[in-house]
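The values are calculated or read from the model by the stated rules, or taken from the named source; none is laboratory data. A quick note: this is a predicted structure, and the numbers were derived from the prediction, not measured. Backbone-built Cβ (ideal geometry, glycine too); neighbour counts: all protein chains shown. The accessibility values were calculated without ligands, DNA or RNA, using every heavy atom of the protein model including side chains. Shrake-Rupley method; radii C 1.70, N 1.55, O 1.52, S 1.80 Å.
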Amino acid sequence: MLRIVLIGLGNVGKAFVKVLLAKAGELAKLGYEPCVVGALASRGGVVGDGCLSNKLLAELADKGLYGATEVRSIELGDLISLNPDVAVVAIPPSYRTGEPNLSMYRELVRNRVSVVTADKTGLALAYQELVGEARARGVYLGFTATVMAGTPALPLLRGLRGRSIDSITGVLNATSNYVLTLVEGGLPMIDAVKRAVEEKIAEPDPSIDLGGLDAAAKAVIMANTVGLPVSLRNVEVQSLLNLNEAYIRDAVRRGVRVKQVASIDLAKGRVSVKPMEVPAGGVLGSVSGNYNTLIIRLRDGNEITLIGPTGPAGATAEVMFSDLLEYVELRLMMGKG
Ligand SMILES: NC(=O)c1ccc[n+]([C@@H]2O[C@H](COP(=O)([O-])OP(=O)(O)OC[C@H]3O[C@@H](n4cnc5c(N)ncnc54)[C@H](OP(=O)(O)O)[C@@H]3O)[C@@H](O)[C@H]2O)c1
């Protein structure tokens, strides 16, 4: 049996419950029947006498915590006292203070609860600490969903450890792509941002996407994955929101496009996210819609390019399930089954 607690039941959390219900058999085949023992959102949660029923889980997937059940005033400590194997975390980011996200990860890891997360905050601010603590305590940290969500960027980068990488460059924020494309088409920046929020493409606080923090957090996680120990606080971040609209449109006439480009320079140990001009027909210039792209330059002169979709929530949830499968496989390999 695999004892799971759910933390965050918004778009991704609900989608994860759907995936878990649909794919429970894959875990069962490995000898780990999933058992959700509790769930928590920001205003309380639910704990079961044993596993939550499939009926309640289906309601959670459909309506979220508040619509599905009477919520009790519980906290993270109450979930930890249920002795879970793994916490599946899908809470909003908190890059400015790091809280309550960072304290939550620290408490889970300290109590030897493994984590699968879609939230970038902890790793963006304290990758070395959290991964170090997890290793010291034999705890799994799965965070594949934090970068390019629907496209496995981090497994690719893990596969390149030990190779000499010079740099990684990417367009990592789909909301910025969307807004810049609207501005290129003639919409004022303020209206483009408003439309992105109305269409739920941007977060209610669009500065996280357009200001560059989201892409910077992803770049930090990638940099650490390939051995550059940086934190979000060390990234040079320039917002798109200060750009002149005429400049964005003029760039198109000159055969280039302005994109929010994340750069990791492994030799200089530098990470940045800035608006940059890139060739319109190139890999970075032609990425659009829900797609992100990465160019990995190796020291031998070769390049590896990855282009693929980021979310939406359903794909993100499937990636989290894939981390859960990896966790179980590692347990089996380590003989902890
Ligand atoms: N959407 C995607 O495809 C995608 C892709 C990759 C990564 N992500 C990341 O996934 C995370 C979740 O995204 P989302 O779209 O599902 O967000 P969301 O719809 O806003 O849902 C957030 C959930 O977290 C809960 N929550 C907030 N603070 C909490 C706390 N302190 N303790 C426990 N629960 C808390 C909220 O509860 P209340 O309802 O009570 O506030 C809500 O249930 C974000 O970090 C996002 O960046 C999303």
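It is to be established whether one or more residues within the range 14-27 are within 10 Å of the ligand (Cβ to nearest atom), under 23 Å from the mean Cα position of the chain (by Cα) and β-branched (Val, Ile, Thr).
Applying the first criterion (within 10 Å of the ligand (Cβ to nearest atom)) to the range 14-27 yields 14-16.
Remaining after also requiring under 23 Å from the mean Cα position of the chain (by Cα): 14-16.
Then drop every residue that is not β-branched (Val, Ile, Thr), which leaves none.
Checked against the condition, which is being within 10 Å of the ligand (Cβ to nearest atom), under 23 Å from the mean Cα position of the chain (by Cα) and β-branched (Val, Ile, Thr), the range 14-27 yields no hits at all.
Quick one: Gly269 ticks every box in (1) open to solvent by 40 Å² or more (accessible area, probe 1.4 Å); (2) closer than 19 Å to Ile165 by Cβ bar one, so which box is it?
Of (1) open to solvent by 40 Å² or more (accessible area, probe 1.4 Å); (2) closer than 19 Å to Ile165 by Cβ, only one is false for Gly269: (1).
Taking the range 234-256 only, how many residues are under 30 Å from Ala126 (Cβ atoms), open to solvent by 70 Å² or more (accessible area, probe 1.4 Å) and outside any loop (DSSP other than H, G, I, E, B)?
2
Check the range 314-323 and report whether any residue there is part of a strand (DSSP E or B), of a type in the set (Phe, Trp, Tyr), within 16 Å of the ligand (Cβ to nearest atom) and touching a residue at least 12 places away in the same chain (Cβ under 8 Å). Before the answer, list the steps.
Kept after step one, since they are part of a strand (DSSP E or B), are these residues of the range 314-323: none.
The answer is no, given that none of the residues of the range 314-323 is part of a strand (DSSP E or B), of a type in the set (Phe, Trp, Tyr), within 16 Å of the ligand (Cβ to nearest atom) and touching a residue at least 12 places away in the same chain (Cβ under 8 Å).
Taking the range 168-198 as the search range and keeping residues that are within 19 Å of Tyr127 (Cβ to Cβ) and not in a loop (DSSP other than H, G, I, E, B), which one is nearest to the chain's Cα centre (by Cα)?
Taking the range 168-198 as the starting set, the residues that turn out to be within 19 Å of Tyr127 (Cβ to Cβ) are 168, 170, 172.
From the residues that got through so far, the ones that are not in a loop (DSSP other than H, G, I, E, B) too are 168, 170.
Details: Ile168: 18, Gly170: 15 Å.
That would be Gly170.
Would the range 130-141 turn up any residue that is of a type in the set (Lys, Arg), outside the structural domain of Ser176 (by TED's automatic domain parsing), under 19 Å from Ala90 (Cβ atoms) and part of a helix (DSSP H, G or I)? Walk me through it before giving the result.
From the range 130-141, those of a type in the set (Lys, Arg) are 135, 137; that's our starting set.
Among the residues that remain, those that are also outside the structural domain of Ser176 (by TED's automatic domain parsing) are: 135, 137.
Now drop any that are not under 19 Å from Ala90 (Cβ atoms), which leaves none.
No, the conditions are met nowhere in the range 130-141.
Against the definition (on the phi > 0 side of the Ramachandran plot, open to solvent by 20 Å² or more (accessible area, probe 1.4 Å) and among the charged types (D, E, K, R)), how does Lys200 come out, yes or no?
Details: on the phi > 0 side of the Ramachandran plot: yes; open to solvent by 20 Å² or more (accessible area, probe 1.4 Å): yes; among the charged types (D, E, K, R): yes.
When the stated conditions are applied, Lys200 passes them.
Would you call Pro275 surrounded by fewer than 18 Cβ atoms within 10 Å (Cβ to Cβ) and either within 23 Å of the chain's Cα centre (by Cα) or outside the structural domain of Val139 (by TED's automatic domain parsing) (or both)? Don't jump to the end; show me each part of the working.
Numbers: surrounded by fewer than 18 Cβ atoms within 10 Å (Cβ to Cβ): no; either within 23 Å of the chain's Cα centre (by Cα) or outside the structural domain of Val139 (by TED's automatic domain parsing) (or both): yes.
Spelling it out, it is not the case that Pro275 is surrounded by fewer than 18 Cβ atoms within 10 Å (Cβ to Cβ) and either within 23 Å of the chain's Cα centre (by Cα) or outside the structural domain of Val139 (by TED's automatic domain parsing) (or both).
Results for (1) at negative phi; (2) among the acidic types (Asp, Glu); (3) in contact with a Cys (Cβ under 9 Å, 6 or more places away or on another chain), shown as yes or no for each residue.
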site	(1), (2), (3)
Gly10	yes, no, no
Leu21	yes, no, no
Gly25	yes, no, no
Val36	yes, no, yes
Leu40	yes, no, no
Asp49	yes, yes, no
Leu56	yes, no, no
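Counting just the residues of the range 33-49 that are under 25 Å from the mean Cα position of the chain (by Cα) and away from the ligand (no atom under 16 Å from the Cβ), which one comes out farthest from Leu79 (Cα to Cα)?
Pro34
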